[in-house]
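Here's the structure we're looking at; comments come further down.
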Amino acid sequence: MSTVLVTGATGFIGRRLVPALIDAGHDVRAMTRHPETYDGPGEPVGADVMDADTLVPALDGVDVAIYLVHSLDDPDFERKDADAARNFSRAAAAAGLQQIVYMGGLGDDDQQLSAHLRSRREVEGLLGEDGVPVTVLRAAIVVGHGGISWEMTRQLVKNLPGMVVPKWVGTRTQPIAIDDVVRYLAGVVGKDAALGRVFDIGGPEQLTYREMMQGAAKAMNGRSIPIVVLPLLTPGLSSHWLALVTDVDATTGRNLIDSMSTEVVVKDTSIRDVVPGEPLTYDEAVRRALQERAEAQEKQGSEQ
């Protein structure tokens, strides 16, 4: 088994991935900027991808690093994410890592990609710039309690009896359950067949954003909701609208919305050769996300 460093160990994906890696028999270092407050499994390690010097001790003795860093909530996220990836690539090479696993975004390279997706592509290349083999998993919307894209969907459905929406609701995407993301990330660690490769990951269905919202509405309310498309609703106006009716901030919302006009679906299913198994359906992913949220609220209530 390997010594695995997980960056963003307290985040949406990281906090689920660390215990899964431990269950698989790996020694796990949970990298965070605040190790003194970390209360999850694994060995807490203090480091910051923006501070290259802190990465040297964090990566010493590590075999594989899983890179879950992005700065979507920052207006200058493209520059910040590129600088962070360069720092990490150099430190990983100096430490002699065997593999970096990166969570990227779906989308064809010949498409007109949004700034968000362009940045993800740039980071893919920068992480391997110093010679460490990179395994990239590209996903669209990840459905799970606490994920930004899912929370945006859930809160829109919860807070609005009906919606006037931009034309991007007709764009196809391929949502994936957080459980499958974790399964794939853990599954490629240390696998020779995954080194230096890019994999598309997604659930079994290609859905429009409208179909995703209606699926969430039926799971939450037992019925669909009226949705009217207003083509003149620009990305800028959409992001302010999101900020009004959800707790997703306008900067993050704008960066996500810019990506939603691009069709992002799985074109290559070779990940199943490396990590076998059928992915969960969208309905099951929604059911699990809602159940986890209810359990978290119940636990929070009992602790107060």
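Of the helices (runs of 4 or more DSSP H) lying entirely inside the stretch 1-112, those carrying at least 1 residues that are of a type outside the set (Asp, Glu) and under 21 Å from the mean Cα position of the chain (by Cα) are 14-23, 77-95.
Scanning the stretch 67-80 for any residue that is under 23 Å from Arg15 (Cα atoms), crowded, with 23+ Cβ neighbours inside 10 Å and either in contact with a strand residue (DSSP E or B) (Cβ under 7 Å, 6 or more places away or on another chain) or modelled with pLDDT of 90 or more (or both) turns up at least one such residue. Do we have Val169 as closer than 19 Å to Ala9 by Cα and either in contact (Cβ under 8 Å) with a residue 40 or more places away in the chain or surrounded by fewer than 18 Cβ atoms within 10 Å (Cβ to Cβ) (or both) here? No; evaluated as a whole, the condition is false for this residue. Of all residues in the stretch 278-304, which are loosely packed, with under 12 Cβ neighbours inside 10 Å and either among the aromatic types (Phe, Trp, Tyr) or at pLDDT 95 or above (or both)? If the condition is that a residue be loosely packed, with under 12 Cβ neighbours inside 10 Å and either among the aromatic types (Phe, Trp, Tyr) or at pLDDT 95 or above (or both), then Glu278, Gln291 are the ones that fit. Residues of the stretch 160-189 that are at pLDDT 95 or above and of a type in the set (Gly, Ala, Ser): Ala177, Ala186, Gly187.
Is one or more of the residues making up the stretch 39-48 β-branched (Val, Ile, Thr) and either under 21 Å from Ala94 (Cβ atoms) or in contact with a Cys (Cβ under 6 Å, 6 or more places away or on another chain) (or both)? The answer is yes; a qualifying residue exists.
Can you work out which of the residues in the stretch 254-277 that are under 16 Å from the mean Cα position of the chain (by Cα) and either among the small types (Gly, Ala, Ser) or outside any helix (DSSP H, G or I) (or both) is modelled with the highest pLDDT? Here the residue is Val266.
The values are calculated or read from the model by the stated rules, or taken from the named source; none is laboratory data. What you see is a predicted model, and the numbers here were worked out from it, not measured in a lab. Positions of Cβ are generated from backbone atoms using ideal geometry, with glycine treated the same way; all protein chains shown enter the neighbour counts.
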